[in-house]
Amino acid sequence: MKRLLAILVLVACTPPQPPPGSAGPAEAVQDFAAALQKGDAASAWSLLSSRTQKEADAAAARARAFAADAGPASGRAMLFASALPGRPVEARVVSQTADSAEVQVADDAGVKLYRVVREGGRWRVDLDLPH
């Protein structure tokens with residue numbers, strides 16, 4: 001009984017997980033990749049910078065204006081509709097200032113460098129989208 005009570009106290013005292021992007025720039029990129037792998041577009045979207053979100057929504061609006069089938073409903077739908085699962089990524093910070101960082105990721109496709117920015121106290125992935 002005492003053991004069960006001790007376990008319940010430990011579980012109850014376990015601090016909640018911090019919001020995605022609050023741990024650091026490498027973790028933000030890893031969380032972003034993990035969200036894509038799970039098909040969790042909402043979490044992946046929340047880990048994108050406001051600039052990337054705005055550009056994605058603008059690109060989706062342009063696609064809707066020219067598409068016969070109405071195009072993607074939003075930038076989120078456009079970016080994540082064809083996301084494919086992959087293996088977990090290893091990310092490491094290459095350079096960092098107070099509000100930005102470069103994070104290197106190695107995966108099946110090779111090595112890629114991500115720009116990560118701090119917005120509202122959280123690290124967010126800042127993608128360069130095609131125009």
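No lab work stands behind these numbers, since they all come straight from the coordinates. Quantities reported herein were computed from a predicted structural model and do not represent experimental measurements. No Cβ is skipped: glycine too gets one built from the backbone with ideal geometry, and neighbour counts run over all protein chains shown.
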Under 5 Å from the placed amide H of VAL94, counting only residues 5+ away or on other chains, we find GLU102, VAL103, GLN104
For LEU48, which sequence-distant residues (separation of 5 or more, or a different chain) have an amide H within less than 5 Å of its own amide H, given hydrogens modelled in the peptide plane?
VAL125
For the pair ALA106/SER43, report the inter-label distance in nm, with labels modelled 7 Å from Cα in the Cβ direction.
2.5
Order of VAL117, VAL94 - criterion: other Cβ atoms within 10 Å of each residue's Cβ, fewest first:
VAL94, VAL117
Sequence order, region 48-55: Karplus ³J(HN,Hα) from phi using 6.51 cos²θ - 1.76 cosθ + 1.60, θ = phi - 60°, Hz rounded, Gly and Pro as x, gives 8, 5, 4, 5, 5, 4, 5, 5
Label-point separation (nm) for ALA63 and ARG92, each offset 7 Å from Cα along Cα-to-Cβ?
3.5
